[in-house]
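Reviewing the structure listed below.
The values are calculated or read from the model by the stated rules, or taken from the named source; none is laboratory data. As the structure is a prediction and not an experimental result, all values here were calculated from the model. Don't worry about glycine lacking a Cβ; one is built from the backbone with ideal geometry, like all the others, and counts go over all protein chains shown. We work out accessible area using only protein heavy atoms, side chains counted, and drop any ligands, DNA or RNA first. Shrake-Rupley method; radii C 1.70, N 1.55, O 1.52, S 1.80 Å.
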Amino acid sequence: MTLADIGGTSSGGVDRQALSAEEIEAWRCVMGWAREADLQVATDDAGNLFVILRGSDQKAPPVLSGSHLDTQPGGGRFDGAYGVLAALEVLTVLAERGVKPCRDLIAVAWMNEEGSRFAPGMMGSEAYAGVRTLEEIRAARDATGMTVGKALDQLHAAFPGLPRRPLGAPLGAYLEAHIEQGPVLEAQRRVVGIVTGIQGKQTLEVEVRGDKGHAGTLAMSARRDALAAFARIASALYTEIGDHDPQVKFTIGHLCVEPNAPSIVPDRVVMRIDLRHPDNSTLTALGARLRVLCARHATPCQVQLMPLVDAPSNIFDTLLQELIETAAFRLGYPSLRLLSAAGHDARHLASLCPSAMIFIPCRGGVSHVQEEWAEPEHVSAGANVLLNVLFQLVRPI
Ligand code: GLV
Ligand code: MN
Ligand code: MN
């Protein structure tokens, strides 16, 4: 709740954008808690934050756990923050008990998971996993034209002398705790979700170009109205893609109309499409169909598609899934296995090291909204399972 005050909105939500002044303050808060617990802190060139409990074998690859501190605009208190604080709590408990792990145990806050200020998201974990180069990431701009590079330099300047870990340094394992952001655990009265993988996602930017004109004088038959073309495209996509089957998730969540003036025929529309499906071949087929529909319904305007994200469904490490299941059972928490419908940094970590996720329920399954809530007993249950599994991975020899 203290962290949620940083960027807290008057309606009870949180607006803490990646690399913003609020996120810098959140770093200070987390670093303060880390130092109180005698833990070390570090960053890297991609603006990821690390809190480290030193282990005895410095040559062994560390075990990492965490999530992100940035939020959606008007987002909730738990998405991301929960996973960072659960990991920090595990390190704190072990440090308080004087446990020296056999290898470093590190809590992490990945830079820009949400991708709302700088798109697309998951920049910190993508840079770490080598999915995108740092140069490419630094060149991305927010709506004001500010680059990630400049914002990253400001973040680092706010913490002079903070040691930097090398990007992509080998890892032993990664575990991410998170609220489910969906209704399954709550509906089935389970406390712990053993996440089997993350459903596939494609993000595309679609640009429609037409011609500007006078809204009073230009004949309808002579217009190349980019917004009219958008309306035809959107209608076809909602029907053919959005209604394809009950598992598809199709969203147009961002729209930009130019010149966006009441009496000018619009000549440019840019939309962002978020398309998800658990089955990879269906996702690929829907992505291809979407391209055909955009081209067909754009006429007489022109349309251009730019893929931003193409991430198929993945499968998390089965041994880690078993460790989570056993820990939940031993601690008396009812659990179930489920595929994550939302995206997470763990997707990219899974390409580097054995990775898995622990879900807890959230009220009404809602997330990315100010009403997001998780019950305190579920928050601690997830952290207890995390502690149990992490301890097994770094147990002193
Ligand atoms: C993550 O925030 C997502 O949109 O899945
Ligand atoms: Mn999240
Ligand atoms: Mn999110």
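Once R0 is set to 45 Å, what does the formula 1/(1 + (r/R0)^6) return for the Cβ-Cβ distance between Arg296 and Thr133, expressed as a FRET efficiency to the nearest 0.05?
Values: r = 35 Å, r/R0 = 0.78.
Computed FRET efficiency for Arg296 and Thr133: 0.80.
In deg cm²/dmol and to the nearest 500, what is the mean residue ellipticity at 222 nm of the chain if only DSSP H runs of at least 4 residues count, each as -39500 (n - 2.57), divided by the residue total?
On the way: 12 runs with 134 residues, N = 397.
Value at 222 nm, helices only, nearest 500: -10500 deg cm²/dmol.
Which whole-Hz ³J(HN,Hα) couplings does region 195-212 yield from phi under the Karplus relation 6.51 cos²θ - 1.76 cosθ + 1.60, θ = phi - 60°, glycine and proline marked x?
7, 7, x, 10, 5, x, 9, 10, 10, 10, 9, 10, 10, 10, 10, x, 10, 6
Please check: in the Gaussian network model of the chain (C-alpha springs, under 10 Å), which one of Leu286, Leu53, Leu185 has the largest mean-square fluctuation.
Leu286
Excluding same-chain residues fewer than 8 positions from Lys100, which lysines have a Cα within less than 21 Å of its Cα?
Filter leaves Lys59.
Would you mind checking region 153-186 for residues with the amide N under 11 Å from a putative spin-label position 7 Å along Cα→C-beta of Gln40?
163-165
Given a 1.4 angstrom probe, what's the average accessible area per residue across region 173-282, in square angstrom? If you can, show how the numbers build up before the last one.
Values: 5040 Å² over 110 residues.
Here the per-residue accessible area is 46 Å².
Once you put a point 7 Å from the Cα of Cys29 and another 7 Å from the Cα of Leu319, both along the Cβ direction, what distance in nm separates them?
3.7
Multiplying the sequence separation of Gln58 and Met220 by 0.36 nm and subtracting their Cα-Cα distance, what value in nm do you get? List each step's numbers first, then the result.
Details: separation 162, 0.36 × 162 = 58.32 nm, distance 7.12 nm.
In short, 51.2 nm is gained.
Within region 182-257, report the trypsin sites (Lys or Arg not before Pro) that DSSP leaves as loop and that have at most 15 other Cβ atoms within 10 Å. Mind showing how you got there, number by number?
Working: sites: Arg189, Arg190, Lys201, Arg209, Lys212, Arg223, Arg224, Arg232, Lys249; in loops: Arg189, Arg190, Lys212, Arg223, Arg224.
Those that pass, being in a loop and sparsely packed, are Arg189.
Which residues' amide hydrogens lie under 5 Å from the amide hydrogen of Arg117, considering only partners 5 or more residues apart or on another chain, with H built in the peptide plane?
Answer set, sorted by chain and number: Ala18.
Using a 10 angstrom cutoff on alpha carbons, build the Gaussian network for the chain and name the most mobile of Asp79, Asp70, Asp243.
In the Gaussian network model the winner is Asp243.
Around Ser340, which amide H atoms from residues at least 5 apart in sequence, or from another chain, sit under 5 Å from its own amide H, with H modelled in the peptide plane?
So Ser340 has HN proximity to Thr196, Gly197, Ile198, Gln199.
By a straight-distance test (C-alpha under 30 Å), which lysines pair with Lys249 as possible cross-link partners, with residues fewer than eight away in the same chain excluded?
List returned: Lys201.
Using 0.36 nm per residue, how much length does the chain from Ser351 to Gln247 gain when fully extended, once their Cα-Cα distance is taken away?
Details: separation 104, 0.36 × 104 = 37.44 nm, distance 2.53 nm.
Additional length available on full extension: 34.9 nm.
Using amide H atoms built 1.01 Å from N in the peptide plane, name the residues 5+ places from Gly172, or on other chains, whose amide H lies under 5 Å from its own.
Residues meeting the amide H criterion: Val63, Leu64.
Exactly which trypsin sites (Lys or Arg not before Pro) in region 65-165 are in a DSSP loop and have at most 11 other Cβ atoms within 10 Å?
Working: sites: Arg77, Arg97, Arg103, Arg117, Arg132, Arg138, Arg141, Lys150, Arg164; in loops: Arg77, Arg97, Arg103, Arg117, Arg132.
Here the trypsin sites (Lys or Arg not before Pro) that fit, given the DSSP loop and packing criteria, are Arg97.
Using a basic spin-label model with each label point 7 Å from the Cα along Cα→Cβ, how many nm lie between Ala285 and Val257?
Output for this residue pair reads 3.5 nm.
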